[in-house]
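All remarks here apply to the structure that follows.
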Amino acid sequence: MKGAALESGKGIKSILIDLMTDALNNGAVSSILVPSTGPDNSFPWTLVTDVSSLDRAEPIPPIMSVQGAKALASFTQFPEEGRLLAVMRPCEARAAIELSKLEQIDLNNIILLTFDCPGAVPLSEFGDDGIMKPDIQQSETIRPLCRQCTSFTSEGDVCLTCNEDDRILVPLTTKGQNFLDSLGKRAEADASAWMKWAKDLSEERQKIKKDAENKLKSTYGGLNGLAEFFSGCISCRNCRKVCPICYCRLCFIDMKDRRSPSSEYLEHSSNAGAARLLSNTLLFHVGRMAHMSLSCVSCGMCEDACPSDIPIGRLVSMVSSNTTDIFGYSAGSNPEDPLPLNTFQLEELHEYED
Amino acid sequence: MEIFEPRIIGFLCNWCSYAGADLAGTSRLKMPPNLVPVKVMCSSRVDPEMVTDAFLRGADGVLIAGCHPGDCHYDKGNYYARRRFAVLKKVVESLGLEAERLRLSWISASEGARFQQIVAEFTETIRKLGPNPTQKETLL
Ligand code: SF4
Ligand code: SF4
Ligand code: SF4
Ligand code: FES
């Protein structure tokens with residue numbers, strides 16, 4: 001893999017800001033979607049059209065505030081005459097690609113720029129006094145799903161890679177290549193040292209991920225385990241609300257959550273000794289996973305938003321590893337791969353039918 | 001000892017499997033009384049959420065039955081249904097729940113006997129598994 005060599009040894013944030021400044025100044029793009037610093041250590045997404053506003057840009061904030069793909073999905077088609085550069089984490093870029101397959105984002109005039117992601121700090125541990133900086137070398141500070149993330153780089157159209165002192169901008173798609181061209185940069189630098197770093201770390205993480213998934217399954221697998229897992233769930237549905245993939249205006253559970261005849265609960269109660277109210281906790285979570293686990297990008301946003309500290313993202317991500325395996329699919333990695341539920345083969349899955 | 005009579009929900013596609021069930025009836029085939037049929041227009045109408053709901057509300061088994069591949073009234077519905085069913089089964093299995101309680105079968109309008117045989121066989125499988133434990137779980 002080759003990319004354009006940028007200023008060696010320079011901080012990643014400064015390099016990203018230089019790139020954004022260049023891109024706006026020379027008209028390669030007309031606007032930029034990037035988090036900016038807000039009051040009290042907040043990092044809202046901002047649509048920047050004026051170079052001077054880039055002072056406040058914080059392309060790699062310590063937390064994930066809103067999943068970037070959700071920010072991208074908040075507007076309709078981007079105008080032909082402009083181009084938007086979206087600077088986001090790899091899992092956010094993957095969610096954006098999933099959402100474009102789900103016809104919720106039109107990526108036509110949008111360039112996704114990613115970087116080697118250091119992970120994010122859990123929202124609950126991030127106060128507005130002590131900033132915890134995520135550190136890829138010190139995994140205990142980053143969120144559990146970040147620690148087991150295997151797609152921490154090289155997603156979207158173009159990626160800023162940082163191995164030791166090398167700073168190489170690697171184009172990943174034709175759009176990414178065109179972006180480099182418009183900046184007058186040529187992909188001539190060899191990025192193989194970075195590739196090796198990424199491959200090694202990814203393999204290491206793959207093991208961590210498998211171990212974590214096995215542990216989760218052995219602790220919470222089965223009906224009792226699952227009931228225990230969700231015993232503290234307060235049915236706020238925050239996990240769905242903040243998830244980039246759950247874009248539905250009306251979720252199935254909102255129809256199921258209407259009042260039911262008391263007889264239904266009394267029957268459950270007479271069988272089980274007592275019946276939980278609100279009901280539908282497991283229905284919501286299992287039904288949701290059946291709907292969207294194929295597209296889960298393991299971004300951890302749901303887990304960050306859970307007021308009950310339920311490791312919901314790890315559970316959905318574990319299930320997602322299994323469901324995507326059926327089709328050899330990887331959510332958001334390749335824009336060309338069709339969504340598994342939008343296509344089929346005539347001869348397949350015979351073990352599931354008779 | 002009391003014999004456990006499973007309650008099975010069957011989502012049957014209107015054009016094939018429901019007609020197959022009808023044929024089994026008019027042919028006076030002896031049928032276990034355990035299946036409660038729900039008519040759907042196509043196997044692809046069955047959202048995984050419907051199956052999950054039946055399962056968590058205590059159905060001992062859930063059968064989805066549709067036209068044989070190639071015969072769907074809407075051409076490709078059952079191919080999509082098969083993919084969705086595979087995903088649901090995998091979700092259920094990954095969570096350590098009993099995926100054996102879910103079944104997808106293709107039964108044509110002329111296969112009354114096959115319908116009878118599948119229902120009988122599935123009923124026996126479920127009888128061996130015993131009642132769905134969700135009925136005894138408080139924290140659903
Ligand atoms: S389910 Fe959670 S981890 Fe998966 S995409 Fe949605 S928010 Fe991210
Ligand atoms: S759970 Fe299903 S219906 Fe609800 S928002 Fe997510 S994908 Fe949509
Ligand atoms: S965010 Fe947490 S508490 Fe709220 S519905 Fe999801 S799992 Fe339950
Ligand atoms: S109409 Fe029978 S499966 Fe589609």
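Would you check if there is a residue in segment B:3-13 being away from ligand 1 (no atom under 16 Å from the Cβ), surrounded by 18 or more Cβ atoms within 10 Å (Cβ to Cβ), more than 11 Å from the chain's Cα centre (by Cα) and more than 13 Å from chain A (Cβ to nearest Cβ)?
yes
Take the residues in segment B:70-119 that are surrounded by fewer than 22 Cβ atoms within 10 Å (Cβ to Cβ), aromatic (Phe, Trp, Tyr) and out of contact with any Cys (no Cβ under 7 Å at 6 or more places or on another chain), then tell me which one is farthest from the other protein chains (Cβ to nearest Cβ).
B:80
Restricting attention to segment B:91-107, which residues are within 16 Å of ligand 2 (Cβ to nearest atom) and not β-branched (Val, Ile, Thr)?
If the condition is that a residue be within 16 Å of ligand 2 (Cβ to nearest atom) and not β-branched (Val, Ile, Thr), then B:95 is the only one that fits.
Just the residues that are over 11 Å from residue A:314 (Cα atoms) and within 11 Å of chain B (Cβ to nearest Cβ), please, taken from segment A:210-224.
A:218, A:219, A:220, A:221, A:222, A:223, A:224
Any idea which residue in segment B:120-140 is modelled with the lowest pLDDT, counting only those that are part of a helix (DSSP H, G or I) and at the interface with another protein chain (Cβ under 8 Å from one of its Cβ atoms)?
B:135
Please go through segment A:275-294 and pick out each residue that is surrounded by fewer than 18 Cβ atoms within 10 Å (Cβ to Cβ) and either within 12 Å of ligand 3 (Cβ to nearest atom) or more than 39 Å from the chain's Cα centre (by Cα) (or both).
The answer is A:278, and nothing else.
Mind counting the residues in segment A:237-274 that are more than 12 Å from chain B (Cβ to nearest Cβ), aliphatic (A, V, I, L, M) and surrounded by 13 or more Cβ atoms within 10 Å (Cβ to Cβ)?
2
Cβ-Cβ below 7 Å, separation at least six or inter-chain, first residue in segment A:275-304 and not assigned by TED's automatic domain parsing to the domain that holds residue A:246, second part of a helix (DSSP H, G or I): which pairs?
Hits for this filter: zero, empty list.
For segment A:239-348, which helices (runs of 4 or more DSSP H) that fit wholly inside it have 2 or more residues that are out of contact with any helix residue (DSSP H, G or I) (no Cβ under 6 Å at 6 or more places or on another chain)?
Result: A:252-256, A:262-272, A:281-292, A:312-327.
The values are calculated or read from the model by the stated rules, or taken from the named source; none is laboratory data. Predicted, not measured: the structure shown is a model, and the values here were computed from it. Please note: Cβ atoms are built from the backbone with ideal geometry, for glycine as well, and neighbour counts cover all protein chains shown.
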